[in-house]
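Data block below; observations after.
The values are calculated or read from the model by the stated rules, or taken from the named source; none is laboratory data. Not measured: the values here are computed from a predicted model. Virtual Cβ from ideal backbone geometry, glycine too; neighbours counted across all protein chains shown. We work out accessible area using only protein heavy atoms, side chains counted, and drop any ligands, DNA or RNA first. Shrake-Rupley method; radii C 1.70, N 1.55, O 1.52, S 1.80 Å.
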Amino acid sequence: MPEEDLVELKFRLYDGSDIGPIRYSSSSTVAMLKERIISEWPRDKKIVPKVSNDVKLINAGKILENSSTIAQCKSPFGELPAGVITMHVVVQPTLTKTKTEKVDELPKKTTCSCSIM
């Protein structure tokens, strides 16, 4: 693989820690990056993504689409020689709908206790 086809990326997590920097081919897709992030995610974190849809990658203020390649996502600032591109990682776990338990509390009625004199 030619040297100019490689892009060095690091991923900034929600707590300020990083994964990387790691070199990727510019033809790698965002979906591939997400899978790599999940496999290298520090297990001691409170929030751990389980599937790639739990992860959003942000570069230059834009949320990256899974089908985009790194070459398509690079901002003009990524053209700096020997520069490492930092992408921000946002974790939004998929919410599963659960049945709510029956609540014994009745809804509170609001009553006015004002007195006009």
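Computed quantities for the displayed model
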{"item": "Selection count, region 15-52, where residues are within 23 Å of GLY83 (Cα to Cα), among the basic types (Lys, Arg) and out of contact with any Ser or Thr (no Cβ under 6 Å at 6 or more places or on another chain)", "result": "2"}
{"item": "Flag if ILE47 is open to solvent by 50 Å² or more (accessible area, probe 1.4 Å), modelled with pLDDT under 90 and aliphatic (A, V, I, L, M)", "result": "yes"}
{"item": "Complete set of residues in region 63-100 that are at pLDDT 90 or above and out of contact with any Pro (no Cβ under 9 Å at 6 or more places or on another chain)", "result": "ILE63, LEU64, GLU65, ASN66, SER67, SER68, THR69, MET87, HIS88, VAL90"}
{"item": "Filter result for the condition that a residue is surrounded by fewer than 16 Cβ atoms within 10 Å (Cβ to Cβ) and farther than 16 Å from ILE58 by Cα, over SER27, SER17", "result": "SER27"}
